[in-house]
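Please treat every number below as a calculation from the coordinates, not as lab data. All values derive from a computational prediction rather than experimental measurement. Reconstructed Cβ throughout: ideal geometry from the backbone, glycine too, with neighbour counts over all protein chains shown.
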Amino acid sequence: MNNQGIRGTLPVLASVIAAVLMGCGGGGGDAPPPPAAPPPSLGGGTGGTGAQAPVVSSGTMVKGSIILNGIRYDDSATTVTDDRNRTAAQLANGMAIKLRGRSDDNVNGVAERVEVENELRATIQSLSTLNNAQSFVAGGVTVIVDNQTVYANVSGFAGLAQGQRVEVHGLRDASGNLRATRVEAVGAGDGVDELRGAVSGLNVAASQFTLNNGITVNYSAATFSPAGTTASALANGLVVEVRGALAGNVFTATQIDVEDLEDSALGAKENEKTEYEGFVSGFSAHPGTFQVNSRAVQTTSSTRFVGGTSADLANNVKVEAEGVTAGGVLVASKIEFKQTRVLLYGLASAVNSASGTVTVLNQVVTVNAQTKLDTRGTNGSSLNDLVAGVDCVEVRAYLDGATLTAEEVKAPSSCSRELVQARVVAENETTFTLTFLNNLSASLGGAGTQFRNTAGQSISRAEFFAAVVPASGSNVGTLVKVKGTTLGSVEEAELQN
């Protein structure tokens with residue numbers, strides 16, 4: 001599927017497959033909206049740069065407007081494409097959409113077309129709460145929910161049940177799991193089942209292919225779209241949406257939408273400014289090429305990182321990539337991490353395999369089913385390999401609300417230093433201390449402490465502290481990395497962003 005969008009004073013494309021829409025109904029779980037701003041005009045909105053240019057994007061709905069990357073799109077004249085015939089007023093929290101319109105690349109825009117992009121509509125086959133993760137399987141897809149998931153017509157995960165029909169919006173991760181942004185309970189008479197995914201195992205003679213690693217789709221009686229499309233357009237790797245009836249692991253399709261052909265009007269054109277949002281997959285090294293929501297992204301030595309560093313790039317990390325399309329690839333000028341990046345290095349003071357937690361630098365880190373473990377175990381890797389008070393750990397994590405959730409836990413062979421990379425929550429310029437996370441303090445008052453700016457250049461202690469802004473209100477705080485033999489005597493402090 002082509003989850004794309006644009007913003008800019010010249011044609012741009014931004015893809016946010018699971019844009020969080022806010023404040024326009026949709027049932028229980030939708031959050032109340034903030035106040036709406038007045039709609040902009042085509043001549044340029046208040047505070048904007050003036051002339052508006054074509055855009056394709058996805059975004060956050062607020063009382064009849066869609067907000068994406070700080071730009072508010074007026075949707076009063078929007079045409080909505082949706083198989084459930086929803087109007088702009090019925091777009092709701094967590095829905096995945098694509099948007100075409102115009103924007104001044106600063107404040108305001110006008111939405112001309114919105115397409116709703118749910119990932120599946122099917123019956124829940126099973127539910128799980130194992131390994132500190134809530135998930136369920138529907139339509140052969142493992143759906144993972146978290147505290148950002150919006151629920152509609154159901155009272156949260158606890159209200160879900162096997163056999164219940166749901167519509168799910170979200171983002172696919174590197175493992176093919178669906179990270180849900182919206183789960184809506186729909187009635188048994190709601191209509192046909194729907195699945196979206198990439199074709200594999202195409203068998204033309206049998207009129208069959210496979211979706212989602214195990215669902216056999218029979219398309220012998222299906223019609224195809226867009227107009228003029230036939231079964232001959234099918235190919236392995238092609239993204240499609242199928243509608244019909246799912247019984248067990250067999251999906252009898254009545255209609256197949258070939259997403260790549262449908263999205264030609266919304267696709268990124270050569271030299272257009274482009275943005276993709278989603279989970280990284282196929283990553284090996286920076287600079288290099290990988291995928292964000294199955295779209296090719298290339299980083300270069302000039303790529304700027306926001307909310308993290310190039311070292312934070314890894315599979316299953318959620319990012320927004322921004323740049324220009326060249327030869328079908330987004331050449332990224334900026335990578336923005338969508339979740340606060342945290343790096344901890346130090347002695348594991350506590351390990352609890354039963355609850356799935358490890359404590360390092362007095363910070364309790366949750367390990368779940370998606371965490372990559374490299375703990376040097378003789379029979380694979382698990383928390384059971386770690387010995388509290390003996391083993392050192394390196395943790396890459398993100399903040400999920402107030403919970404620190406690990407994406408990767410490694411067990412280095414030595415523990416000669418302590419390190420933290422996180423956003424500053426408090427500073428004291430008199431005692432030269434910084435506070436991170438849950439009362440994690442670092443002292444930067446030593447005579448030999450080295451200070452560096454975001455370019456890695458040496459700066460003074462005064463310049464460093466002048467650049468640090470603690471988290472407060474809407475300000476998320478400056479991202480800083482500090483390290484030393486202990487955090488009580490930091491040897492190096494670097495502004496990360």
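Observations
- Sparse-neighbour loop sites [chymotrypsin sites (Phe, Trp or Tyr not before Pro); segment 181-276; at most 11 other C-beta within 10 Å; DSSP]: none
- What you get for segment 312-399, charging only the Cβ of Lys and Arg (+1) and of Asp and Glu (-1), is a dipole of about 100 debye around the Cα centre.
- Three-way shape label, segment 116-200, alpha-carbon gyration tensor, a/c 1.5: rounded
- Ordering of 478-488, 131-141 by packing [mean C-beta count within 10 Å, highest first]: 131-141, 478-488
- Value of relative contact order over segment 264-392, rounded to a whole percent, pairs C-alpha under 8 Å and six or more apart: 20
- Other residues with beta-carbon under 14 Å from the beta-carbon of Glu407 carry, at +1 per Lys or Arg and -1 per Asp or Glu, a net charge of 0.
- What the Cβ-Cβ distance of Thr123 and Asp400 gives, at R0 = 22 Å and to the nearest 0.05, is a FRET efficiency of 0.20.
- Taking a sphere under 10 Å around the Cβ of Asn368 and counting the other residues whose Cβ falls inside, with K and R at +1 and D and E at -1, yields a net charge of -3.
- Summing +1 for each Lys or Arg and -1 for each Asp or Glu among the other residues whose beta-carbon sits under 11 angstrom from that of Ile459 gives 0.
- Entry note, segment 316-401: relative contact order of 30 percent, from Cα contacts under 8 Å with a spacing of 6+ residues.
- Normalised size of segment 432-497, defined as Cα radius of gyration per 2.2 N^0.38 Å with N residues, equals 1.05.
- Summarised in one figure, the compactness ratio Rg/Rh of segment 159-311, Cα atoms and Kirkwood Rh, is 1.01.
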